[in-house]
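Below is one structure, written out as structure tokens, with a few remarks after it.
The values are calculated or read from the model by the stated rules, or taken from the named source; none is laboratory data. Note that this is a predicted model, so its numbers are computed, not measured. Methodologically, a virtual Cβ is constructed for each residue, glycine included, from the backbone with ideal geometry; neighbour enumeration extends over all protein chains shown. With ligands, DNA and RNA removed, areas are computed over all heavy atoms of the protein, side chains included. Shrake-Rupley method; radii C 1.70, N 1.55, O 1.52, S 1.80 Å.
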Amino acid sequence: MLTSLIIAQILSWVVILALGVGLLAVARQVGVLHIRVAPAGALATSGGPAVGDSIVKIDARTIDGAPVTIGGHAHGTALRLLMFVSAQCPLCKNIIPMARSFARDERVALTFVGDDDVAAQRAMIAQHGLDGYAFVNGPDVGQAYGVAKLPFAVLLDAEGTILSKGLVNSREHLESLIVAHEMGIRTVQDYIGSLKAQAA
């Protein structure tokens, strides 16, 4: 009886060690795949002002009539995210909760911008609980930033300089705007291009 217990104990330790080695191998492969698989970033567009440009501040009004300044110097705000959405855009409705969560986690001041029927925009604000956010509805801001497709996001610094921008439809795309800024690159696509150039 004692012999079988000793054998069972030895076998269990052999299995545990084998599982540990297998786990290390899997972790290594995940790391290799992480390096090989390119990140999916916000899709940069060619229109509008470029990353690094500053737009003259726009004095606008929210959908409720409150004054709001887009661009220019912002006191006490390190990063600002302009989220261009529409009540007629299904992808926009999906990205709104992600944008709210992203702005909260990254401590980014979030402003929604649209150019749609006021009643439809108000319905979307009520549906998604956007009452606590500035929501500008009109063509001026979208034209200034060259927004042609939605949902579109622009990340600004405290001085109103464009840090990154692009079409976004996932949390990963939103995060890529911060990553691009932190890495000092214009877009994630530029980063991928530089990796391909180094590999060639």
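Suppose the filter is on the phi < 0 side of the Ramachandran plot, open to solvent by 40 Å² or more (accessible area, probe 1.4 Å) and not in a helix (DSSP H, G or I); does Q127 pass it? It would help to see each step written out before you state the result.
On the way: on the phi < 0 side of the Ramachandran plot: yes; open to solvent by 40 Å² or more (accessible area, probe 1.4 Å): yes; not in a helix (DSSP H, G or I): no.
The answer is no for Q127.
Quick one: how many residues across the range 58-84 are part of a loop (DSSP other than H, G, I, E, B), farther than 10 Å from F135 by Cα and among the hydrophobic types (A, V, I, L, M, F, W, C)?
Residues in the range 58-84 being part of a loop (DSSP other than H, G, I, E, B), farther than 10 Å from F135 by Cα and among the hydrophobic types (A, V, I, L, M, F, W, C): 2 in total.
Output the residues belonging to the range 122-133 that are over 28 Å from A158 (Cβ atoms) and either in contact with a Lys or Arg (Cβ under 8 Å, 6 or more places away or on another chain) or not small (G, A, S) (or both). Don't jump to the end; show me each part of the working.
So in the range 122-133, the residues over 28 Å from A158 (Cβ atoms) come out as 122-124, 126-127.
R122, M124, Q127, listed by residue number.
Can you find a residue in the range 65-88 that is open to solvent by 40 Å² or more (accessible area, probe 1.4 Å), under 17 Å from Y145 (Cβ atoms) and in contact (Cβ under 8 Å) with a residue 24 or more places away in the chain?
No: the range 65-88 contains no residue that is open to solvent by 40 Å² or more (accessible area, probe 1.4 Å), under 17 Å from Y145 (Cβ atoms) and in contact (Cβ under 8 Å) with a residue 24 or more places away in the chain.
Considering the range 167-183 alone, what residues qualify as being in contact with a strand residue (DSSP E or B) (Cβ under 8 Å, 6 or more places away or on another chain), part of a helix (DSSP H, G or I) and among the β-branched types (V, I, T)? Working first, answer last.
First pass over the range 167-183, keeping only residues in contact with a strand residue (DSSP E or B) (Cβ under 8 Å, 6 or more places away or on another chain): 167-168, 173-174, 176-178, 180-181.
Remaining after also requiring part of a helix (DSSP H, G or I): 173-174, 176-178, 180-181.
Passing the criteria: only I178.
Say whether the condition of being open to solvent by 10 Å² or more (accessible area, probe 1.4 Å) and over 15 Å from the mean Cα position of the chain (by Cα) is met by at least one residue in the range 167-180.
No: the range 167-180 contains no residue that is open to solvent by 10 Å² or more (accessible area, probe 1.4 Å) and over 15 Å from the mean Cα position of the chain (by Cα).
Criterion first (under 21 Å from H75 (Cα atoms) and out of contact with any Phe, Trp or Tyr (no Cβ under 8 Å at 6 or more places or on another chain)) does G138 satisfy it? First the steps, then the outcome.
On the way: under 21 Å from H75 (Cα atoms): no; out of contact with any Phe, Trp or Tyr (no Cβ under 8 Å at 6 or more places or on another chain): yes.
No: the conditions fail for G138.
Can you tell me which residue is nearest to D59 (Cα to Cα) among those in the range 135-160 that are open to solvent by less than 30 Å² (accessible area, probe 1.4 Å) and assigned to a strand (DSSP E or B)?
Step one: of the range 135-160, the residues open to solvent by less than 30 Å² (accessible area, probe 1.4 Å) are 135-136, 138, 141-142, 145-146, 151-156, 158, 160.
Add one more test, that the residue is assigned to a strand (DSSP E or B), and what stays is 135-136, 152-156.
Numbers: F135: 13, V136: 11, F152: 20, A153: 19, V154: 17, L155: 18, L156: 16 Å.
Per the criteria, the residue is V136.
What's the number of the only condition in (1) at pLDDT below 95; (2) closer than 28 Å to H75 by Cβ that L195 fails to meet?
With respect to (1) at pLDDT below 95; (2) closer than 28 Å to H75 by Cβ, L195 is out only on (2).
Suppose we filter the range 1-48 for residues that are in contact with a helix residue (DSSP H, G or I) (Cβ under 8 Å, 6 or more places away or on another chain) and modelled with pLDDT of 85 or more; how many remain?
0
Looking at (1) open to solvent by 70 Å² or more (accessible area, probe 1.4 Å); (2) aliphatic (A, V, I, L, M); (3) in contact with a Lys or Arg (Cβ under 7 Å, 6 or more places away or on another chain), which is the one condition that is false for A109?
Failed condition: (1).
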